[in-house]
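No lab work stands behind these numbers, since they all come straight from the coordinates. None of these values were measured; they are calculated from a predicted model. All Cβ positions, even for glycine, are placed from backbone atoms using ideal geometry, and neighbour counts span all protein chains on display.
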Amino acid sequence: MTDPTQSKLAVYDRIGVGYDRTRRADPTLAAAIAKLLRVQHPDPVLDVGCGTGNYTLAVADRNVFVIGLDQSTLMLRRARAKEPRIDWIAGQAEALPFADNSFAGIFCTMTLHHLNDFEAVFAEIARVLRPGGRFVAFTAFPEQAQQFWLNAYFPELMRRAAARMPGRERIEAAFGPAGLRLVDTEPFNVPENPVDFVLYCGKHRPELYFDARVRSNIFAFTALDLAEEVGTGLALLDEDIANGNFTSVRSRFSDAAGDYVLLVAEKPA
């Protein structure tokens, strides 16, 4: 039987080679994370699932002392090449290689949908987080993903992607036993001209999805084995843009609840 952790690791080792071509830190998101953490240098903060370190560095640039952790050694090599003065640690979220109460804050960006064991991960986050510290997670709820216009062109891909995204109730249910308390949720909408090409990066610019480099660095397009649907969907999207039908398709979907969400949890003091 294939180990799902190793399978995901292989995917990210593969896409890590060209990851920074399309996945750069959104400055507005980085600023929001830094603000919600309520931590300033020299108190240490951990970026869980840091990848090639884009958000680690962007948050660090806002007077925060950040350490990056990821299980992909290839991505960590890329991160270390950018900034060797930051500590880049290889490890898994289910077994954080740090002592109790090590961090004043912890954050992650687009990591929750990759977790297999929320209870174990959140228990570890609570263990290494100092009393009164905050955990900030950037993610999308399933109901948000179901309002991406991508559903009109890639229905199975989006069904699988949404199924991987934990809902608020699932997250809160795992927070409680870990000793964390959800204190805030802040919606985040994809900007008109994104620099971090996440799944819904083409919300305002559908032509982005025709770029194979963009798709190759989005997990749903890379790892869900739906090449035939992707090809069919792109052809239909191209046709709808050309004949003007895309505007009508997009109007059927709403961003009233935000495209993504920032979750803020606290460890009681």
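Between 0 and 90 degrees, the angle of helix 73-82 with respect to the longest Cα principal axis of the chain falls at about 80 degrees. Measuring r between the beta carbons of E156 and D100 and using R0 = 45 Å, the FRET efficiency lands at 0.55.
When the alpha-carbon atoms of the chain are used, the pair Rg, Dmax equals 18.3, 59 angstrom.
Annotation: amide H of T109 within the under-5 Å range of F138, sequence separation 5 or more or interchain, hydrogens built in the peptide plane. Which residues does a label at D117 reach in the range 36-58, if reach means a backbone N under 20 Å from a point 7 Å past the Cα toward the Cβ? It comes to 48-50, nothing else.
Against the chain, whose longest principal axis is taken from its Cα atoms, helix 227-243 shows a tilt of about 60°.
Considering only Cα atoms, the convex hull volume of the range 129-269 works out to 117 Å³ per residue.
Per-residue ellipticity at 222 nm, computed for the chain from helices alone with -39500 (n - 2.57) per DSSP H run of at least four residues, works out to -11500 deg cm²/dmol.
One decimal place: the segment R127-E239 gains 35.1 nm when fully extended, by the rule 0.36 nm per residue minus the C-alpha distance.
Among bridges DSSP assigns within the chain, what percent are antiparallel (round to 5)? Rounded to the nearest five, the antiparallel share is 45 percent. Computed from the C-beta positions of S254 and R38, the FRET efficiency with R₀ = 22 Å rounds to 0.10. Rounded to whole numbers, the Karplus 3J(HN,Hα) couplings from phi for the range 218-225 are 10, 3, 4, 7, 8, 10, 8, 6 Hz, using 6.51 cos²θ - 1.76 cosθ + 1.60 with θ = phi - 60°, and x at Gly and Pro.
At 37 °C and 0.692 mPa s, grab the translational diffusion coefficient of the range 81-124 from Stokes-Einstein with a Kirkwood Rh over Cα pairs, rounded to a whole number in µm² per second. Rounded to a whole number, D works out at 267 µm²/s. When only Cα pairs below 8 angstrom with a gap of at least 6 residues are kept, the chain shows a relative contact order of 22 percent.
On full extension, the segment bounded by I89 and R21 gains 22.2 nm, given 0.36 nm per residue less the C-alpha separation. Across the range 168-179, computed HN-Hα scalar couplings (Karplus, 6.51 cos²θ - 1.76 cosθ + 1.60, θ = phi - 60°) run 4, 4, 5, 5, 4, 5, 7, 4, x, x, 6, x Hz from first to last residue, x flagging Gly and Pro.
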